[in-house]
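Below: one structure, written as structure tokens.
Quick note: the coordinates plus some simple rules give every number you see, no bench work behind them. Remember, predicted model here, so these are calculated numbers, not experimental data. Here the Cβ positions follow ideal geometry from the backbone for every residue, glycine too, while neighbour counts run over all protein chains shown.
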Amino acid sequence: MFFDKIINAPNEIILNIEYLKKSEYPLILLGAGFYANEVRQLLLHHKIKIDHVVVDEKWYVSHSFFYDHPIERINDVLNYYPKINIIVALDNYQAKIEEFSQNPIVARCILFEIASFHFDFSDYYLVIKEHSTELENLYLQLADDYSRDIMVAFINAKISRNPKSLICLNVKDEEMYYPEFFKLSDDEVFIDCGAFDGDSILSFVNKTKGKYSKVYAFEPDKNNIEKLKENTSQFKNIEIIKKGCFSSKTTLYFRDGEGLSSTFSNQGNVTIEVDTIDNVIPEKVTIIKMDIEGSELEALKGAQKTICKNLPKLVICLYHKPDDLFTIPQYISELSDSYNLYLRHYGLYSYDLVLYAIPK
């Protein structure tokens, strides 16, 4: 039932790289920000030359550069060539993909799945095949068909490196972490693991209209902590814990100063303290959110007693490691059979797959 829906599609990043190596058409890079730099590095690695870097008229600043490339107006370049290849490297790419797909001078309009650059999901079809029994169990266990569709689309996006079918399942205008089935009371005790600069806390405070009991914010990155303090200083009952969440109390290497991507790593530049939720949090907990760059399962192990005793709502990211999709739901189900499990996806790439475990 489940595995029949999985498509062993070719890797579109590899296909597009092979095409660009052979193509004689000029290569245009649309975008000059974070995503464009990710693509630039990929092309450099494969010795593929960018002919022009362009932006829309509203973003154009004369005499500005993107590394060695002068930034040009997109229409100036489009009007110059009879045929081009164009890479769309934007945060919000959908309208541009549609526009260029209908433009006769565009030989190929390319979108590189940026999430694939950050998280290694190589040979993912084989991983899925090897763990098809666990995934079949999860597929049947999920609480709604929407979750099942997202699960299949996420897997297929990771295999093909094409997120288009996945993002079609995003709920328009739904606030991340607060889908329609996620009900909040006036006395929530919220643990934010990976609090970053307080963005999730701000969302929580707005959603509760300031009516909650307590927020515990775990954040080990010293740069993030300063922003977190500043951004949450006006709110009541916010306790910042300058540690990482883990399965035991110890010291780990940590790669800090990378904002959202700060993470535990053997190649880390600093050491930090980590501890368990069970050790640190003294009171009844009602919500635990985790977006901690692949340490979610370890942090859940450190919250075993809290989860079994309190049955808090769980909001856990599943996109950092290839096996997160089956190991994390399986672990939660082993702790308690009193949860309904849902999946939701956010954003325009295959980041931000979120598991919601809601007490029955």
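A cysteine counts as unpartnered when no other cysteine's C-beta lies under 4.7 Å of its own; in the chain this applies to 109, 168, 308, 317. Think of region 132-359 as a dipole: +1 on every Lys or Arg Cβ, -1 on every Asp or Glu Cβ, centred on the Cα centre; then among 325, 137, 272, 272 lies furthest on the positive end.
Provide 24, 72, 113 in ascending order of the number of other Cβ atoms located within 10 Å of each residue's Cβ, fewest first. Numbers along the way, then the final one.
Numbers: 24 7, 72 17, 113 20.
So the ranking, lowest neighbour count to highest, is 24, 72, 113.
The alpha carbon centroids of region 309-337 and region 1-69 are separated by 35 Å.
Here the chain is treated with +1 on each Lys and Arg Cβ and -1 on each Asp and Glu Cβ, and its dipole about the Cα centre works out to around 100 debye. Of the labelled figures (1) 19.3, 58; (2) 20.3, 65; (3) 22.2, 68, only one reflects Rg and Dmax of the Cα atoms in Å as derived from the coordinates, namely (3).
Hey, which of these cross-link pairs are over 22 Å Cα-Cα: 49/158; 321/360; 209/242; 158/222; 249/305; 158/242? Please report the intermediate quantities before stating the final value.
Numbers: 49/158 27 Å; 321/360 28 Å; 209/242 26 Å; 158/222 33 Å; 249/305 15 Å; 158/242 34 Å.
Long pairs (Cα-Cα over 22 Å): 49/158; 321/360; 209/242; 158/222; 158/242.
Between residue 234 and residue 94, full extension at 0.36 nm per residue minus the direct alpha carbon distance yields a gain of 46.7 nm.
Of all aspartates and glutamates in the structure, those lying under 17 Å Cα to Cα from residue 284, and not within fewer than 8 positions of it along the same chain, are 186, 187, 188, 192, 239. Taking label positions 7 Å along the Cα-Cβ direction at both residue 120 and residue 180, the computed distance is 4.1 nm, reported to one decimal.
Give me 120, 144, 324 ranked fewest to most by other Cβ atoms within 10 Å of their Cβ, as a rough exposure proxy. Numbers along the way, then the final one.
Values: 120 10, 144 13, 324 19.
By the 10 Å Cβ count, ascending, the order reads 120, 144, 324.
To make sure I understand, if each residue's beta carbon is the centre and we count other beta carbons within 10 Å, what order do 52, 131 fall in, fewest to most?
Numbers: 52 21, 131 17.
Lowest to highest Cβ neighbour count: 131, 52.
In percent, how large is the relative contact order of region 12-112, given Cα pairs closer than 8 Å and 6 or more residues apart?
Worked out over region 12-112, it gives 30 percent.
Could you work out the relative contact order of the chain, using alpha carbon pairs under 8 angstrom and six or more residues apart, expressed as a whole percent? Once divided by the residue count of the chain, the mean separation gives 15 percent. Considering only 190, 121, 66, the Gaussian network model of the chain with Cα springs below 10 Å gives its largest mean-square fluctuation to 66.
Taking a span of 18 Å or more along the helix axis (Cα atoms) and a mean Kyte-Doolittle hydropathy of at least -1.0 as the rule, the DSSP H helices of the chain that qualify are 145-160. Cβ-Cβ distance of residue 18 and residue 51, R₀ of 22 Å, FRET efficiency by 1/(1 + (r/R0)^6): the value works out to about 0.75. Computed from point charges on the beta carbon alone (+1 for Lys and Arg, -1 for Asp and Glu), the dipole magnitude for region 1-89 about its Cα centre is near 160 Debye.
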